[in-house]
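Student: Once you've had a glance at the structure underneath, I'll fire off some questions.
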Amino acid sequence: MRIGIVAVQGAFAEHGKLLEKLNADYIELRKKEDLKTAIDGLILPGGESTVQGKLLRELDMFAPLKAEIQEGLPVLATCAGLILLAEKLSNDDHVYFGTMPVTVRRNAYGRQLGSFHTRGRFAHVGEIPMTFIRAPYIDSVSEDAEILAQVDGHIVGAAYKNQMGISFHPELDCDPRIHQMFLNRI
Ligand code: GLN
């Protein structure tokens, strides 16, 4: 099994380190040619969604990645990655892949209080550390999406078919259980 990690901007290297711990093979996707390598799952890392969206378009990676997601490629998206998947943003006119029927609020915790650490329950996994960095949260999910985690009444993790979107950064804590769960789902 091989995982592709989108590596145009943001915290992609940390995902790779966690996958190494789990003995999972991966490739960093930096340019269009990298998409020729067959992958069984995709990771969309945190970072800056506007920059990632722009770079993916400029590098001609946007359309092929969107098509693969629509065709059912399993995706784990964290933070900015979740923003890229969202069908709608409640406080921004952009839509990127738009493949996940959730409404996401960018920088939902404000810019000042934007970064914090907590622990919370994550469905199918248990209690885990959660690091939020200028994070989004999910305002609403469609009926057929599953809520995976909530913090202070806000949805911070959801799944829909092949897609799993998380507000926080599991790759920054040394707890590999979310990634293990993702690999198990593939
Ligand atoms: N604030 C970023 C955005 O809107 C997301 C932050 C992150 O990925 N840690 O894209």
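Student: From the list 34, 25, exactly one residue is free of Cβ contacts under 8 Å to residues at least 60 places away in the same chain and either buried (at least 16 other Cβ atoms within 10 Å of the Cβ) or within 14 Å of the ligand (Cβ to nearest atom) (or both). Which is it?
Tutor: Working: 25 fails: either buried (at least 16 other Cβ atoms within 10 Å of the Cβ) or within 14 Å of the ligand (Cβ to nearest atom) (or both).
Answer to the check: 34.
Student: Among the strands (runs of 3 or more DSSP E) contained in the stretch 3-116, which hold 3 or more residues that are under 22 Å from residue 158 (Cβ atoms)?
Tutor: Values: elements: 25-29, 41-44, 75-78, 86-89, 100-105.
In the stretch 3-116, 41-44, 75-78, 86-89, 100-105 are the strands (runs of 3 or more DSSP E) which contain 3 or more residues that are under 22 Å from residue 158 (Cβ atoms).
Student: What residue, among those in the stretch 124-140 that are farther than 21 Å from residue 83 by Cβ and in a loop (DSSP other than H, G, I, E, B), is farthest from the ligand (Cβ to nearest atom)?
Tutor: Filtering the stretch 124-140 for residues that are farther than 21 Å from residue 83 by Cβ and in a loop (DSSP other than H, G, I, E, B), the one farthest from the ligand (Cβ to nearest atom) comes out as 124.
Student: Moving on. Exactly one condition in (1) on the phi > 0 side of the Ramachandran plot; (2) more than 16 Å from the ligand (Cβ to nearest atom) is false for residue 19; which is it?
Tutor: (1)
Student: Say whether the condition of being of a type outside the set (Asp, Glu), in contact with a Gly (Cβ under 6 Å, 6 or more places away or on another chain), surrounded by 19 or more Cβ atoms within 10 Å (Cβ to Cβ) and closer than 23 Å to residue 48 by Cα is met by at least one residue in the stretch 107-126.
Tutor: no
Student: Would you check which residues across the stretch 52-74 are under 28 Å from residue 177 (Cβ atoms) and either among the basic types (Lys, Arg) or within 15 Å of the ligand (Cβ to nearest atom) (or both) and list them?
Tutor: Matches in the stretch 52-74: 52 only.
Student: Can you tell me which residue within the stretch 141-177, out of those that are of a type in the set (Gly, Ala, Ser) and touching a residue at least 12 places away in the same chain (Cβ under 8 Å), is surrounded by the fewest Cβ atoms within 10 Å (Cβ to Cβ)?
Tutor: So in the stretch 141-177, the residues of a type in the set (Gly, Ala, Ser) come out as 142, 145, 149, 153, 157-159, 165, 167.
Add one more test, that the residue is touching a residue at least 12 places away in the same chain (Cβ under 8 Å), and what stays is 142, 145, 149, 157-159, 165, 167.
Details: 142: 12, 145: 19, 149: 21, 157: 28, 158: 28, 159: 22, 165: 30, 167: 27.
By that ranking, first place goes to 142.
Bear in mind that the values in this text are calculations on the coordinates, not laboratory data. Note that this is a predicted model, so its numbers are computed, not measured. Heads up, the Cβs are rebuilt from the backbone with ideal geometry, glycines too, and the neighbour counts pull from every protein chain shown.
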